[in-house]
1. Step by step: first the residues of segment A:356-372, then only those that are more than 8 Å from chain B (Cβ to nearest Cβ) and farther than 13 Å from residue B:87 by Cα, then the one that is nearest to the chain's Cα centre (by Cα). Which residue is that?
2. Of all residues in segment A:333-355 being at the interface with another protein chain (Cβ under 10 Å from one of its Cβ atoms) and touching a residue at least 60 places away in the same chain (Cβ under 8 Å), which is surrounded by the fewest Cβ atoms within 10 Å (Cβ to Cβ)?
3. Among (1) over 30 Å from residue A:427 (Cβ atoms); (2) facing chain B (nearest Cβ under 7 Å); (3) part of a helix (DSSP H, G or I), where does residue A:322 come up short?
4. State the number of residues belonging to segment A:161-203 that are farther than 19 Å from residue A:110 by Cα and in a loop (DSSP other than H, G, I, E, B).
5. Quick one: which of B:134, B:160, B:140 is in the same structural domain as residue B:205 (by TED's automatic domain parsing), farther than 30 Å from residue A:359 by Cα and in contact (Cβ under 8 Å) with a residue 40 or more places away in the chain?
6. What number of residues within segment A:384-395 are more than 7 Å from chain B (Cβ to nearest Cβ) and either touching a strand residue (DSSP E or B) at 6+ places or on another chain (Cβ under 9 Å) or surrounded by fewer than 24 Cβ atoms within 10 Å (Cβ to Cβ) (or both)?
7. From the list A:137, A:157, A:144, which residue is in contact (Cβ under 8 Å) with a residue 60 or more places away in the chain and either crowded, with 24+ Cβ neighbours inside 10 Å or not in a helix (DSSP H, G or I) (or both)?
């Protein structure tokens, strides 16, 4: 015990040993705004994603209000809502057209401006160079651009507020012909066209980031670090980056074609003789868009969850004081999911009118992808087995990720079965499923990552008390909000409908809709705790030690609040990232950068006495 | 309290099933549901047990163990067998309900067209056969307009008795009803919750939709694919009638159409027959 205290003490001493590595004084706008430092870029992604999280959340609460209380004015801010959003000026009653814009923008913002920038932009930038022990990305300037495309993209998307017809309103999937805005005159920018331009930019941002990640991981690993010495976070981000480079160009091509259909009245996705006021050449195929879109967007589901699977693995190993169970199996499972992710896109299209024979094919490939997912779950459980589990805020969120991912994965089996999907497709069952995966999964994973790396990011500790409160309220309200949505789906409740009370068969669900809305409001407001904690701790948080969680990975070898250039000494890697509770050592962790010999006997690592001794190591562990 | 608990009895929320294959779909849902509930309790049980048993406390230590290939292979193969079983069993039902070659010989054939926002139906009329229209002849798509959505060719005599219905349709009980669905503008999805039928309808293509209802009554049709602000209002009603009632209704319609088309020889507006009023 005494050695631990000493170690912590030593960490604090080194806490502010900022290191310049020749990065001399730069003007403020190069330090904070157009910085090429990967950690600053990560913070920029954190800030923009947090802002958009609340924008997207606000859209969701409008949707929920309308579903629970159709035709009733939005409380508090209803009278202040713009005239184009409401049925009469000042009435506060949402119009059906605005409702369609809300659901479109909620999905788009949450996926393209929150989850992907958080998971890939923020964690990719922050974790990769630090965890592989290098000073920065391989291509820092490209990295800076990958962030600086996000704000203009967001502004373009949001500027649709000022164009006729408002925001895009064809759903985040934007199926043509609806998204081609048939009937609108050519050469007129509408919300949908702005949506397409905006996503094109976001796609570029993703590609630039991804190319950078792959290059960095392959070329800039610290001395001695083999690929299989990399933490799972880096593996997951690396494989995700490969998915992005393969998938995003396809989306970009599809967006360009749809933009031409929308703006120039070409007919990539429009068949002949549509009954509309505008003239089209025809000869296109609406379902083609769905194939192109889902060819990207199904892998995008994994872009949104694989990095978090990596992060959760690292958090679980650290707080269970155990090696990841089946590290290589975890890597192969990530790779397997990434590969299979490219051949299952058709399961979004079982009812789309594609050849039903393809339904059989895509059903079988989809069912196969459940296998690597379950391997991961079993390995996480195996990691907990015989651990020494400490329930920190980061760990609680990681455990929420695993448990909610189990539910989301199981509900996925229903819709993977094509005949079951006939009935539940486009109902709230699907809505429940994606929220269990993307909120219960991805967002809890993001929270886990924020709680885990905040000390390294800002040099301060987050408040654990408020971290736990944020976790409990979020976890409870999350389940109260999204679990009943399965039930709505079984009842046949269609998604994206403005007023369920129009239908007799949905009349019995009004109470459930109201319940969900109240829980959703609680869920939304719980997130203020997170923001409050982040801001409060920035100023008042306890000063972070160099290695507050006593973890093994390389980022904890860097100073507590590393400056441009990251490390204050040379890093050599001696072992894998998960040597916790090694027999023959006093400490229950053995950092990757610490010299020392060991033998492996029957899946156990045992430390061997070495003349070099542990005392020579910096950080005095 | 009962209301709250009923949330956990998910299967009780299904609307009544009235189609012959509906029960098979519901049973498949139930099988996956029970398997999921079992896996849920198993994994959450293990998770909860580990969290309590291996919680950090004084004197307790972690255990350095990197995993075991035999265990990995076991928990790869077991889910594979389970999921493959679900997949193969599902495929039988999928082929039966959706494959084009498995669509039964129609007792009644109806065309359905989605539009923003509503549904139009075309019955073949007295001769039981469709004349030249956008379904029977692709080139007739050129005739499609807002008032003649099916592109009925007024010059084809077989077309004259084909009649349209707006936002409602009727089918006989215990008969194979085959509908060919399309759209005149954007995507819609033809959703009969009580029949467990859902099929997107795509402009430019005709989709096969079939079912066989075993119970009479009035039910609802909904659109399940976002098609604009009025998406929610694409509600329609349909009636499943006994054979006698259906024949009586059909005879009435046929007579009505014949009566309406008789004076057309003199009247100038030929397209009023095409857009025969519903009901």
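The values are calculated or read from the model by the stated rules, or taken from the named source; none is laboratory data. A quick note: this is a predicted structure, and the numbers were derived from the prediction, not measured. Note that we place each Cβ from the backbone using ideal geometry, even for glycine, and neighbour counts take in every protein chain shown.
1. By that ranking, first place goes to A:372.
2. The selected residue is A:354.
3. (3)
4. Total satisfying the criteria: 15.
5. B:160
6. Residues that pass the stated criteria total 3.
7. A:137
Per-residue answers, yes or no, for (1) within 11 Å of another protein chain (Cβ to nearest Cβ); (2) modelled with pLDDT of 95 or more; (3) crowded, with 21+ Cβ neighbours inside 10 Å; (4) closer than 30 Å to residue A:571 by Cα:
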site: A:220; (1), (2), (3), (4): no, yes, no, yes
site: A:231; (1), (2), (3), (4): no, yes, yes, yes
site: A:250; (1), (2), (3), (4): no, yes, no, no
site: A:279; (1), (2), (3), (4): no, no, no, no
site: A:296; (1), (2), (3), (4): no, yes, yes, no
